[in-house]
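The values are calculated or read from the model by the stated rules, or taken from the named source; none is laboratory data. On a predicted model such as this, the values are computed, not experimentally measured, just so you know. Glycine also receives a Cβ, built like all others from the backbone with ideal geometry; neighbour counts cover every protein chain displayed. Accessible surface areas use protein heavy atoms only, side chains included; no ligands, DNA or RNA. Shrake-Rupley method; radii C 1.70, N 1.55, O 1.52, S 1.80 Å.
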2 protein chains.
Amino acid sequence: MKNRMTIGRLAETAGVGVETVRFYQRAGLLAEPKRPVSGYREYGEADTRRIHFIKRAQTLGFSLEDIAGLLQLDGPHSCSVAHDLALEKLHIVEDKIRSLESIRDALWQMVRQCELKHRRGTCPIIQSLAHRDSSVSR
Amino acid sequence: MKNRMTIGRLAETAGVGVETVRFYQRAGLLAEPKRPVSGYREYGEADTRRIHFIKRAQTLGFSLEDIAGLLQLDGPHSCSVAHDLALEKLHIVEDKIRSLESIRDALWQMVRQCELKHRRGTCPIIQSLAHRDSSVSR
DNA sequence: GTAATCTCCGTACATAGGTACGGAGTCAAG
DNA sequence: CTTGACTCCGTACCTATGTACGGAGATTAC
């Protein structure tokens, strides 16, 4: 039993769209599959697993380009390359968290000021965005 | 002395590109300016200030659409509208921080495992991405 | 007057990751 | 055989926020 699938079955099994499968092939993430006389692509379980790999890596913030690199790793230096990439992503994520925390703090201060002062007829949020030397600046 | 500026001077003063100014006008964020016989747009200091408002709001995560709404606020209900929008952005940012923290944790665990185990010839990062029931799953 | 720079406008392009479409061919079930 | 579903492929489209281009007109400085 060969378990060969056409593209629709693969897409359904892997939880993506047909167009996504074609897109991944064009992008080099999936190999050009074997094709019978019909011209229909023929996939196996390894392709399902490969798409799952892609999707898992995406949830961790790896771009498709990153993922293409990870998928190519196979050799004695694989782990150090993957390690370095993951470390780089880790730093990017940490930077992004810090940036968002700064934004969160500024927004929080704006919201609080609005709640304290909104009786005065001037909006502290609009004021702080309108002027450079606002009390919100840190 | 009128202090009128053509588009290049406005762009330079406001710290954006000429194309950006034209884009903001098309997007409705800047008003159609007065034009002499030359057909050249004529700007004043208020336009500089308006662009600064836009840029400040952008750094806080407001989209151009959000900002267009903020720029229109002028009236007794302005502050509550701005407050609600800022509160909404605050929640979005907090959600995003939590999501990134989860990603950070997963990446950190991967990196650590790689550093502990990379002598064995199999890469824990690749392994964890390749299989559903990995030790990295939380 | 000349040359360089600026401006205009409509259109196209970039990014990353998809998604949709239309015409034609293939497959499977009744 | 017919019909409906699936597939193919090349092209176009979406999102949000810009950026670039090319031909033509206007301005500025020497």
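Looking only at the range B:40-69, filter to residues that are among the basic types (K, R) and out of contact with any Pro (no Cβ under 7 Å at 6 or more places or on another chain); which one of those is farthest from DNA strand D (Cβ to nearest atom)?
Step one: of the range B:40-69, the residues among the basic types (K, R) are B:41, B:49-50, B:55-56.
Restricting the remaining residues to those that are out of contact with any Pro (no Cβ under 7 Å at 6 or more places or on another chain) gives B:49-50, B:55-56.
Values: B:R49: 16, B:R50: 13, B:K55: 8, B:R56: 12 Å.
Among those that are among the basic types (K, R) and out of contact with any Pro (no Cβ under 7 Å at 6 or more places or on another chain), it is B:R49.
Give all pairs with beta carbons closer than 9 Å in which a residue from the range B:15-27 that is more than 17 Å from B:F53 (Cα to Cα) meets a residue that is in a loop (DSSP other than H, G, I, E, B); count only pairs at least 6 apart in sequence or on separate chains.
none
Within the range A:6-15, is there a residue that is near DNA strand D (Cβ under 8 Å from one of its atoms), β-branched (V, I, T) and not in a loop (DSSP other than H, G, I, E, B)? Reasoning before the result, please.
Taking the range A:6-15 first, the residues near DNA strand D (Cβ under 8 Å from one of its atoms) are A:6-11.
From the residues that got through so far, the ones that are β-branched (V, I, T) too are A:6-7.
Going one step further and asking which of them are not in a loop (DSSP other than H, G, I, E, B), we end up with A:7.
Yes, there is a match, as at least one residue in the range A:6-15 is near DNA strand D (Cβ under 8 Å from one of its atoms), β-branched (V, I, T) and not in a loop (DSSP other than H, G, I, E, B).
Select from the range A:24-42 the residues that are over 18 Å from A:L70 (Cβ atoms) and either within 13 Å of DNA strand C (Cβ to nearest atom) or at pLDDT 95 or above (or both) and list them in ascending order. Reasoning before the result, please.
Taking the range A:24-42 first, the residues over 18 Å from A:L70 (Cβ atoms) are A:26, A:32-42.
Passing the criteria: A:R26, A:R35, A:P36, A:V37, A:S38, A:G39, A:Y40, A:R41, A:E42.
Suppose the filter is in contact with a Gly (Cβ under 8 Å, 6 or more places away or on another chain) and hydrophobic (A, V, I, L, M, F, W, C); does A:L85 pass it? Write out each step before concluding.
Details: in contact with a Gly (Cβ under 8 Å, 6 or more places away or on another chain): yes; hydrophobic (A, V, I, L, M, F, W, C): yes.
Yes, satisfied.
Would you mind listing the helices (runs of 4 or more DSSP H) fully within the range B:30-130 where at least 2 residues are open to solvent by less than 90 Å² (accessible area, probe 1.4 Å), within 11 Å of chain A (Cβ to nearest Cβ) and over 30 Å from A:R104 (Cβ atoms)? Write out each step before concluding.
Details: elements: B:45-59, B:64-72, B:78-117, B:124-130.
Counting at least 2 such residues, we get B:78-117, B:124-130.
Kindly indicate whether B:T48 is within 16 Å of DNA strand C (Cβ to nearest atom) and among the hydroxyl-bearing types (S, T, Y). Give the steps one after another, and end with the answer.
Working: within 16 Å of DNA strand C (Cβ to nearest atom): yes; among the hydroxyl-bearing types (S, T, Y): yes.
Yes, satisfied.
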